[in-house]
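The values are calculated or read from the model by the stated rules, or taken from the named source; none is laboratory data. Just so it is clear, the model here is predicted, and its values are computed rather than measured. All Cβ positions, glycine included, derive from the backbone under ideal geometry; neighbour counts span all protein chains shown. Calculation scope for accessible area: heavy atoms of the full protein, side chains included, ligands and nucleic acids excluded. Shrake-Rupley method; radii C 1.70, N 1.55, O 1.52, S 1.80 Å.
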Amino acid sequence: MCRLSNLLALLPFVSQAWAASYSLTDTYSGQSFLDGFNVENIPDPTHGRVNYVNAATAASQNLTFASGDTFVLRADFTTVLNPSGAGRNSVRLSSKKQFTTSAWVFNVRHMPQGCGTWPALWSFGDNWPNNGEIDILEGVNDQGPNKGTLHTSPGCTMAQSRDQLGTPDRLDCNWEVEGNAGCGVKFPQANSYGPGFNANGGGWFGVENRDEFIKIWFWPRNDASVPADVRDGAASVNTDNWGTPTASFPSTSTCNIAEKFGPQNIIINLTFCGDWAGQDAIFQGAGCPGTCTDYVNNNPGAFTEAFFNFAWGKIYQ
């Protein structure tokens, strides 16, 4: 028989396990993006027509810019590329910290747009794919709406019917199937991605990452339903008040989130063409001319709008 005193002793642990309230631990805004993220001068894992530059080059070419509450990450938009030379200069950031049980909010004013672009705001764990990947904001060639997607090692599938606003397009999160498409959920808002997102002044993306589930929210700028703690970047947030998530990935018998996901590094990057955006059917299907590589090489002026503008990102734990 379980004594009352034993039950009372367990209550703090039960409350902590299912707490929906989180306190602010990390703020990235303006210069603190550069303080809190590494600029990764690496070959593009997605084989894009891109040259990820180092921090000094990014600063000298104004590919990263920080002032007040503005942080801009962009690609070069002045250089015609040598077809046999390096790709278009751009930037990839990786957070210096890793995050486990937490809520994340990103206030984004503008995202990269244009034929050939493949921007992403996402996260992944060590020894990919064994500690999982969460795609928060991602797409190609201006083809919205946004999708929230998980990528995992084999053995993670989602149900078709879930408590979410978005629509599933694939259910198997396993990176080994369907060309690593993952288990994506299409957002219902046309202004969640690309030119529509930018014309509306952007919006907020929220994530709750824990062993029981991973959830993603999106609120367009000036949406009356945006929670006050999200809108204001409050000192604490309560995800119970955020409403139905746009994309929901619950832990179930067919996908144990705690086993498939470990501590996450947050990534912000802009590549071009590559394994997804560069496929002829996808590039030309978006109404883009010729081939992706030729377009990116020869049309630098097409990328004047190929930039992220963040007001801030905040992590709550």
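A few notes on this one:
- Among all positions in region 292-303, there is no residue which is in a loop (DSSP other than H, G, I, E, B) and in contact with a helix residue (DSSP H, G or I) (Cβ under 7 Å, 6 or more places away or on another chain).
- Candidates in region 270-291 are the residues that are open to solvent by less than 40 Å² (accessible area, probe 1.4 Å) and out of contact with any strand residue (DSSP E or B) (no Cβ under 7 Å at 6 or more places or on another chain); of these, the one that is nearest to N51 (Cα to Cα) is C273.
- Inspection of region 72-82 finds no residue satisfying the criterion of being touching a residue at least 24 places away in the same chain (Cβ under 8 Å), among the hydroxyl-bearing types (S, T, Y) and not in a loop (DSSP other than H, G, I, E, B).
- Beta carbons closer than 6 Å, at least 6 apart along the sequence or on distinct chains, pair a first residue in region 170-195 that is open to solvent by 50 Å² or more (accessible area, probe 1.4 Å) with a second that is assigned to a helix (DSSP H, G or I) for A190/G196.
- Of all residues in region 241-269, those that are touching a helix residue (DSSP H, G or I) at 6+ places or on another chain (Cβ under 9 Å), surrounded by fewer than 20 Cβ atoms within 10 Å (Cβ to Cβ) and hydroxyl-bearing (S, T, Y) total 1.
- Checked against (1) aliphatic (A, V, I, L, M); (2) outside any strand (DSSP E or B); (3) over 22 Å from G125 (Cα atoms); (4) in contact (Cβ under 8 Å) with a residue 24 or more places away in the chain, A258 meets all criteria but (3).
- Residue count, region 207-228 (criterion: surrounded by 22 or more Cβ atoms within 10 Å (Cβ to Cβ) and within 20 Å of A258 (Cα to Cα)): 6
- Residue count for region 94-111 under the criterion of being assigned to a loop (DSSP other than H, G, I, E, B) and either over 15 Å from the mean Cα position of the chain (by Cα) or closer than 18 Å to R210 by Cα (or both): the result is 5.
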